[in-house]
Amino acid sequence: MNRLENTKIGFIGNNPVLGLALGLTTALAVTSTMTSALGMGILALALMLVAAVLGGLVKKIVPKEALLPVNLVLVAFLAKMGELLVLAYAPALATSVGIFLPLLAVNSLVLYATGAFSAEVSFGKGIAHAAKAGAAYVLALLLVSFVREVLGTGGITLQNPMSGAELLNFSLIPSQFTLSLFTQPAGALLVLALVAALFAALGKSDTEMGGK
């Protein structure tokens, strides 16, 4: 807990998924296509912003010792509300990621956004941290899903996660050279590890350049 409290989440260095291994459950589950990754990323970002606002208010009235269990209940409530809203108003998104929506209740990034690990952070900074973490989470999902979809299907078919309308469709690899492995859970772990290694190398390079 203290380690996370003192860690600054970033887009390349300390990326929440690729560097800190936060929110891995949903990251592995929904990155088989960019459409599902984008939908889950947008939903998680929205939940994190709401969690930051409500968590900031909770910190004003709840003792620090009780902050973590109270925020766990808050996260479960938000995840369930998000699931119900998606099922009611975004049928296309519900179709692509519906069975994975309950996993948001155990997404550690949403708990991080409530401020459970940073009780001393101000209300405004808490929202800014949640927005940055959410955006970095979306970036990680899109990168992993791009690699998986291209290697697994040969191209990208991106749809609006809310309406289902096609936004983008192109091919890069002939179908005879694709590997279905990358559309499966084992492929998710492999791609995630490779992209995480790339981000670690880039983050290390940036740190060394900054030190010079």
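Here are some residues: ALA46, ALA27. Which one is part of a helix (DSSP H, G or I), closer than 23 Å to PHE11 by Cβ, modelled with pLDDT under 85 and within 17 Å of the chain's Cα centre (by Cα)?
Answer to the selection: ALA27.
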Does THR114 qualify as being among the polar types (S, T, N, Q), more than 16 Å from the chain's Cα centre (by Cα) and either on the phi < 0 side of the Ramachandran plot or surrounded by 21 or more Cβ atoms within 10 Å (Cβ to Cβ) (or both)? no
Whether any residue in region 88-95 is surrounded by fewer than 19 Cβ atoms within 10 Å (Cβ to Cβ), under 17 Å from LEU38 (Cα atoms) and of a type in the set (Val, Ile, Thr) is what I want to check. yes
Candidates ILE156, ILE173, ILE127 - the one that is surrounded by fewer than 16 Cβ atoms within 10 Å (Cβ to Cβ) and either among the hydrophobic types (A, V, I, L, M, F, W, C) or closer than 30 Å to GLU65 by Cα (or both): ILE173
For residues in region 65-112 being polar (S, T, N, Q) and within 14 Å of VAL30 (Cβ to Cβ), which is modelled with the highest pLDDT? THR95
Please state which of the following conditions ALA105 fails to meet, knowing it meets all the rest: (1) in contact (Cβ under 8 Å) with a residue 60 or more places away in the chain; (2) under 14 Å from the mean Cα position of the chain (by Cα). (1)
Take region 134-183 and flag every residue that is within 30 Å of ALA113 (Cβ to Cβ) and part of a loop (DSSP other than H, G, I, E, B). ASN160, PRO161, MET162, SER163, GLY164, ALA165
Evaluate the following for ILE173: is it modelled with pLDDT of 85 or more and out of contact with any Asp or Glu (no Cβ under 8 Å at 6 or more places or on another chain)? yes
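The values are calculated or read from the model by the stated rules, or taken from the named source; none is laboratory data. The structure displayed is predicted, hence computed values, not measured ones. Heads up, the Cβs are rebuilt from the backbone with ideal geometry, glycines too, and the neighbour counts pull from every protein chain shown.
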